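The values are calculated or read from the model by the stated rules, or taken from the named source; none is laboratory data. Being a predicted model, the structure only gives us computed values, none of them experimental. Cβ: placed from backbone, ideal geometry, glycine included. Neighbour counts: every protein chain shown.
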Amino acid sequence: MGDRNTDIFVERILGEMNAGLSCLNLYLGYRLGLFKALADSGPITIEKLSKQKGLNERYMREWLECMTVNEYLDYDAENGCFSLPSEYVPVLVDQDSPYYIAPYLGFIPGMSLPINLLMDAFRSGRGVPFSAYGEDLPDAIGLGNRVLFTNDYVNTWIRGYLLCPTSRNVLNLAPVLQILVVAQVGQALFWQGLFPRFRLMLLIQMKNPLD
């Protein structure tokens, strides 16, 4: 483990606490649609953003200033406008971007929601029902995985399967189609982004069949 240092450990714990609090502020921006609003509007004042989203101006001011101090947002003092850096849009707004990870912010409040039930489970040995985690946890899993399926499932995973020498028999397509049917039922959240790309790849494959 190496040398342990109490001062460094204190800094570590404080850093993890601050990171958790930052995640909650990021979660608010994600769930309230503030990051998307900032990306769509460009530089905007507190008053205009509050009116646009129908949110309380005082709370909006606190959130915007907090996000700016933590360098998630930019602020132009000359015109009093806040903005979301363009480099952060793929991460927080663009649902089709391979960099999009905003839904994972739901893991923090979702995992925290049943904390009292979890403590009771430690004492009793009973489990904690999945429903106790609320909507954030399944949304984080579904919308977070959608990015992987949208960007990699068709272009990389299925194409790799089709290019595999043992998969060139047409009958071998059946398991792939079965997997897609299961995916449609079990993960409808990402299906809308998945199917058009799968259909396009099949059309290309039919036009240019494997040797």
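Structure summary
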{"quantity": "Yes/no for I46 being of a type in the set (A, V, I, L, M), farther than 28 Å from G15 by Cβ and in contact (Cβ under 8 Å) with a residue 24 or more places away in the chain", "calculated": "yes"}
{"quantity": "Unmet criterion (only one of (1) in a helix (DSSP H, G or I); (2) surrounded by 16 or more Cβ atoms within 10 Å (Cβ to Cβ)) for L55", "calculated": "(1)"}
{"quantity": "Test: residue in the range 46-56 that is touching a Lys or Arg at 6+ places or on another chain (Cβ under 8 Å), modelled with pLDDT of 95 or more and at positive phi", "calculated": "no"}
{"quantity": "Of all residues making up the range 11-50, the number that are more than 27 Å from Y104 (Cα to Cα) and out of contact with any strand residue (DSSP E or B) (no Cβ under 6 Å at 6 or more places or on another chain)", "calculated": "2"}
{"quantity": "The range 78-95: number of residues that are touching a strand residue (DSSP E or B) at 6+ places or on another chain (Cβ under 6 Å) and among the aromatic types (F, W, Y)", "calculated": "1"}
{"quantity": "All positions within the range 59-77 that are in contact with a strand residue (DSSP E or B) (Cβ under 9 Å, 6 or more places away or on another chain), aliphatic (A, V, I, L, M) and outside any helix (DSSP H, G or I)", "calculated": "L73"}
{"quantity": "Test: residue in the range 8-27 that is of a type in the set (K, R) and either outside the structural domain of R61 (by TED's automatic domain parsing) or under 30 Å from N56 (Cα atoms) (or both)", "calculated": "no"}
{"quantity": "Qualifying positions in the range 75-87 - touching a residue at least 24 places away in the same chain (Cβ under 8 Å) and either over 21 Å from the mean Cα position of the chain (by Cα) or exposed (fewer than 14 other Cβ atoms within 10 Å of the Cβ) (or both)", "calculated": "D76, N79, G80, C81, F82"}
{"quantity": "Residue within the range 60-73 that is in contact (Cβ under 8 Å) with a residue 40 or more places away in the chain, over 24 Å from L148 (Cα atoms) and either surrounded by fewer than 14 Cβ atoms within 10 Å (Cβ to Cβ) or assigned by TED's automatic domain parsing to the domain that holds L137 (or both) present", "calculated": "yes"}
{"quantity": "Scope the range 72-87; condition within 16 Å of L34 (Cβ to Cβ) and either in contact with a helix residue (DSSP H, G or I) (Cβ under 8 Å, 6 or more places away or on another chain) or of a type in the set (D, E, K, R) (or both); matching residues", "calculated": "Y72, L73, D74, Y75, F82, S83, L84"}
{"quantity": "Residue in the range 96-108 that is assigned to a helix (DSSP H, G or I), without any contact (Cβ under 8 Å) to a residue 60 or more places away in the chain and more than 22 Å from A39 (Cβ to Cβ) present", "calculated": "yes"}
